[in-house]
Each structure stands twice: as structure tokens, then as C-alpha cells.
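The values are calculated or read from the model by the stated rules, or taken from the named source; none is laboratory data. Worth saying up front: this structure is predicted, and the values here are computed from it rather than measured.
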Amino acid sequence: MKNRTINVKGSEVTSATRFGQDYISLTDMLKAKDGDFFISDWLRNRNTVEFLGIRETVYNLDLNYGEFATIKSQLGLGNDSVKKLSAAAGKSNV
């Protein structure tokens with residue numbers, strides 16, 4: 001995957017090309033608009049985390065399954081599960 005950064009209305013957004021398809025980072029776009037709060041809030045949603053878990057199971061060979069299951073069970077308890085989720089995903093794009 002080839003990554004590059006583009007400037008969109010004064011904000012840096014990552015763009016990548018993989019297998020001839022172009023992708024842009026929605027995370028970068030949201031950070032530019034609403035900061036990190038929106039992303040953290042979005043990751044507190046159980047449905048979002050379920051989706052990311054399925055995606056990571058398919059695409060992330062480094063996923064720590066045990067830690068991910070623990071984090072998923074603690075969602076909504078007012079803890080720092082968002083940071084733990086990122087750590088469990090390892091080098092992925094979560």
C-alpha cells in the first residue's frame with residue numbers, strides 16, 4: 001500500500017492506493033473537523049466495536065483476540081477502552 005498526504009482546506013489527510021484503488025482516511029477528516037472527541041465517542045458504541053472486531057479478525061494477523069474480548073466486554077463502563085482497543089489491534093488502522 002502506498003500512502004501519501006494531501007492538504008484539504010488546510011488539514012492534512014492521508015491518502016492510500018492499494019490494488020489500483022484510491023482510499024482516503026475518514027479518521028483524518030473527522031479529526032480535522034471535530035477533533036479526537038468524535039472518534040472516541042464513536043468507538044464507545046458497541047455496534048462499532050463489533051464491526052471493527054470482525055474487520056480486524058479478517059485483516060489483522062496481529063490482533064490480540066483475548067485482549068479484544070476483554071475490552072469489548074467492558075464497553076460502556078466509563079473506562080479507557082478506546083485506548084486499549086487501539087493497543088489490542090496492534091499495527092492496524094483502528
Worksheet item: Going through the stretch 1-37 one residue at a time, which ones are at pLDDT 70 or above and under 30 Å from residue 70 (Cα atoms)?
Response: 25, 26, 27, 28, 29, 30, 31
Worksheet item: Where residues in the stretch 39-94 are modelled with pLDDT of 60 or more and of a type in the set (Val, Ile, Thr), which of them is nearest to residue 25 (Cα to Cα)?
Response: 39
